[in-house]
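The values are calculated or read from the model by the stated rules, or taken from the named source; none is laboratory data. Note that the structure is a prediction, hence the values are computed from the model and not measured. No Cβ is skipped: glycine too gets one built from the backbone with ideal geometry, and neighbour counts run over all protein chains shown. To get the accessible areas, we keep the full protein, side chains included, count just its heavy atoms, and leave off ligands, DNA and RNA. Shrake-Rupley method; radii C 1.70, N 1.55, O 1.52, S 1.80 Å.
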Amino acid sequence: MEIIKVANYEEMSTVAGKRIAERVRNNPNIVLGLATGSTPQGVYQYLIHDFKINGTSYKNVTSVNLDEYVGMDPEDPNSYHYFMRKNLFDHINMVNENVHVPNGVANNLDEECIRYEQGIKELGGIDLQLLGIGENGHIGFNEPGTPFSSRTHIVTLSENTRKANSRFFASIEDVPKQAITMGIATILDSREILLLASGEKKAKAVARLLKQGISEDFPASSLKQHKNVTIIADQDALKYS
Ligand code: PGA
């Protein structure tokens, strides 16, 4: 794992954004694995800016998102579909048909997981996957204990994750209890992985990732088995490393 140390959130976003924009320019048909949450918002700001200034085109780019809340309609402002539109897709020239987010309101969620996983395969896999890290070490919504062999599946969110994400909702009761997430094996199949971490809240998780061994108790440690992972972390996130 390569580690790029940066000063703060802004620098993390710029360094990651530059790398993604460069990959898109070098491979206009790239399949990007995208993430939601506070961490990638600055990266998406960078990509929007770069699109406007440099004209990097997303016309032939395909995106696959990591996860979606179960029961959440794509039009719900708390859905990850909605997040991606508002934070990125509405501001660049992505083609709607090339955007993939798990369907959290599918009639048959098990079939949706199979369909999503198959879809990624049919795209030829993910070229570059963007990841955040949960305070408990989750990647996507793969909570501690998730087998590293997992494929896209339904998860019950941990209390820790629901609490962390409750900041986006009126109250913790409103945070969905389940989600669909790419599995750890799905993520590890990506040809390149970019993991971002910013802020003191992530410092313990980052330290455990960097200092301790591989364990299913700590999903992010699975990344140590991957040959092409870059971690971009700021000073606060590296406080204990
Ligand atoms: P955050 O979430 O970017 O909102 O901190 C990251 C994650 O939980 O993977």
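Odds and ends about this structure:
- Looking only at the range 31-74, and only at residues there that are β-branched (Val, Ile, Thr) and either open to solvent by 10 Å² or more (accessible area, probe 1.4 Å) or part of a strand (DSSP E or B) (or both), the one that is nearest to residue 8 (Cα to Cα): 39
- When residue 166 is tested against (1) within 13 Å of the ligand (Cβ to nearest atom); (2) polar (S, T, N, Q); (3) open to solvent by less than 10 Å² (accessible area, probe 1.4 Å), just one condition goes unmet, and that condition is (3).
- All conditions in (1) within 16 Å of the ligand (Cβ to nearest atom); (2) among the hydrophobic types (A, V, I, L, M, F, W, C); (3) without any contact (Cβ under 8 Å) to a residue 60 or more places away in the chain; (4) farther than 23 Å from residue 223 by Cα hold for residue 105, with the sole exception of (1).
To keep it simple, each residue is scored yes or no on (1) in a helix (DSSP H, G or I); (2) closer than 29 Å to residue 100 by Cα; (3) away from the ligand (no atom under 16 Å from the Cβ).
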residue	(1), (2), (3)
170	no, yes, yes
186	yes, yes, no
190	no, yes, no
203	yes, no, no
210	yes, no, yes
215	no, no, yes
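- Tally, over the range 122-142, of residues that are open to solvent by less than 20 Å² (accessible area, probe 1.4 Å) and more than 10 Å from the ligand (Cβ to nearest atom): 5
- Verdict on residue 238 being away from the ligand (no atom under 12 Å from the Cβ) and assigned to a loop (DSSP other than H, G, I, E, B): yes
- Test set (1) open to solvent by less than 20 Å² (accessible area, probe 1.4 Å); (2) touching a residue at least 60 places away in the same chain (Cβ under 8 Å) - residue 161 fails condition number: (2)
- Hey, residue 179 touching a strand residue (DSSP E or B) at 6+ places or on another chain (Cβ under 8 Å), small (Gly, Ala, Ser), within 16 Å of the ligand (Cβ to nearest atom) and not in a loop (DSSP other than H, G, I, E, B) or not: yes
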